[in-house]
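Each reported figure results from applying straightforward, stated rules to the coordinates on display, with no laboratory input. Worth saying up front: this structure is predicted, and the values here are computed from it rather than measured. Cβ coordinates were reconstructed from backbone atoms using ideal geometry, including for glycine residues, and neighbour counts include every protein chain displayed.
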Amino acid sequence: MKPAARWPLHPAPREGEALSSWLQRVAARYQMDLYDLLEHDLGHGRVDDLDTAPPPALLTALSLRSGIELERLRCMSFAGWVPWLLDSLDSRIPDALETYAFQFSLLLPRRGRKTRSITSWRAWLPSQPIHRACPLCLNDSEDQAILLAWKLPLMLSCPQHGCWLESYSGVPGQFLGWENADAAPRTASDAMVAMDRRTWQALTTGYVELPRRRIHAGLWFRLLRTLLDELNTPLSQCGPCVWSIRHVWACCGHLLRAGQSQWRPYEILAPAVQLQMLEAAATAIELIESSVVRPHGELGALFLSEPHTGFTNGLPEKKRKPEPVDHWREAVKALNEAIAEARHNCETARSLFTLASYGRRDPESLDRLRDTFAQEGIPPEFLSHYVPREPFAFLSMNDGLSDKI
């Protein structure tokens, strides 16, 4: 039997294209159905996992027919992204979620994090198919390539055009039409575009440039997955970082935790909830890099600019006389720090209230003071029924506010 001839006119795969999409385009070039191409031209029957773990024999046949390297074909499926994007395709590995999503920390401190145990889990792979794509990338109606990354809840926007990925109808590997055909491409926010370009850099180069240093792509995907879970952490488990979580969700304009009342792994959340989670992650990264939100995790500093270091000419440094201390400025600074702490710490809020209420004991005066505290962003419930029982001068030096003032 003669060996099968190569495809002389097959379209070349695009960078990052899914295997099913490329085979669909090859079949269309030869006016064939995808499954007819697989069965009659390649000797393989119906294959339902082209984009997850295609049979090695099929990849070998494709390489012989197309002249494309076997490793490049393998990277057109999720199997080719192991162990960078995900540790394994086996969903039965014990403690897979703990190993992948909880070994690092960004917003929240690692200590005290609740242990999660799931019997069946794989990083990033959704529980239901995702059909989203860039409307500008698919302008060419005759050669519409679907990227593999679009099939994951991993990106919000197109890193090339900076617009939202939009929902479409289709079959495996084939685009049929937009769900909202009349909608114009929507421009994504700067925060989304910045995060997605880093994700695309990880997928295409194997590394990501962060403000502090370059990191491996595998670390980027795990940090992003960690951040998504931190933003979905119940507030009762956030400790002193409650304000940070609240502020991130408030800035992106969505309900806290995207309206989730119970914790569930990101991969099985509804697609609309996943999009809000990704938007919150992009917002959190932007707030960290602009020093609005302070990261309490061990790797949060990766998103901060490198501190400036001075230069020396090698000569002994002349000692300068110490500048006089501006005690009033230090007091104002301490007070501002105490107010910031009081926004998410009930004990600090009450200690500060005791200080501010010195000499006031009538209910009307205390109510006005509570209104003033609320205007500063301190939750009213911290002080709604609180009445100082003793003058501030008798507070113990171990009380919460003594660390601030």
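Rounded to the nearest 500, what is the 222 nm mean residue ellipticity of the chain from helices alone, with -39500 (n - 2.57) per DSSP H run of 4+ residues and division by all residues?
It comes out at -10500 deg cm²/dmol, rounded to the nearest 500.
Give me the net charge for the shell around residue 247: Cβ to Cβ below 15 angstrom, other residues only, Lys and Arg +1, Asp and Glu -1.
Net local charge, residue 247 excluded: -2.
How far, in degrees from 0 to 90, does helix 242-252 lean away from the longest principal axis of the Cα atoms of the chain, to the nearest 10?
Compared with the principal axis, the helix lies near 50 degrees.
Measure off 7 Å from each Cα along the Cα-to-Cβ vector at residue 364 and residue 384, then give the distance between these two points in nanometres to one decimal.
2.4
What does the charge count near residue 75 come to, summing +1 for each Lys or Arg and -1 for each Asp or Glu among other residues with Cβ under 11 Å from its Cβ?
Combined, the nearby Lys, Arg, Asp and Glu give -2.
Taking the Cβ of residue 215 as the centre, find all other residues whose Cβ is under 11 Å away and add up their charges (Lys, Arg: +1; Asp, Glu: -1).
Once positives and negatives cancel, what remains is +4.
Which angle between 0 and 90 degrees, to the nearest 10, do you get for helix 190-205 versus the longest principal axis of the chain when only C-alpha atoms count?
That helix lies at roughly 50 degrees to the long axis.
Mind checking the range 79-121 for trypsin sites (Lys or Arg not before Pro) that DSSP puts in a loop (not H, G, I, E or B) and that have at most 11 other Cβ atoms within 10 Å?
Loop-located and lightly packed - 92, 111, 114.
Distance between Cα centroids, the range 11-78 to the range 106-139: provide it in whole Å.
Result: 26 Å between the Cα centres.
Checking the a/c ratio against 1.5 first, then a/b against b/c, what shape does the Cα gyration tensor give for the range 144-193?
Since a/c reaches 1.5 but b/c is at least a/b, the shape of the range 144-193 is classed as oblate.
On full extension of the chain, what length is gained from residue 329 through residue 114, given 0.36 nm per residue of separation minus the C-alpha to C-alpha distance?
73.3 nm
Mind telling me which of 150, 121, 263 comes out most flexible in a GNM of the chain, alpha-carbon contacts under 10 Å?
263
Relative contact order (percent) for the chain, with alpha-carbon contacts under 8 angstrom and 6 or more residues of separation?
Worked out over the chain, it gives 14 percent.
Give the order of 252, 137 when sorted by the count of other beta carbons within 10 angstrom, beginning with the fewest.
Neighbour counts put them in this order, fewest first: 137, 252.
So what's the angle, to the nearest 10 degrees on a 0 to 90 scale, between helix 346-356 and the longest Cα principal axis of the chain?
The answer is roughly 30 degrees.
Just to be sure I understand: with springs between alpha-carbon atoms less than 10 Å apart, which residue in 282, 101, 356 has the highest mean-square fluctuation in the Gaussian network model of the chain?
356
For each of 189, 88, 141, 120, count neighbouring Cβ atoms within 10 Å of the residue's Cβ, then give the residues from fewest to most.
Result, fewest neighbours first: 141, 120, 88, 189.
In whole angstrom, how far apart do the alpha carbon centroids of the range 330-372 and the range 219-238 sit?
When both Cα centres are located, 32 Å separates them.
Using a 10 Å cut-off on Cβ atoms, rank the peptides 289-302, 215-228, 357-370 from the highest mean neighbour count down.
Final packing ranking: 215-228, 289-302, 357-370.
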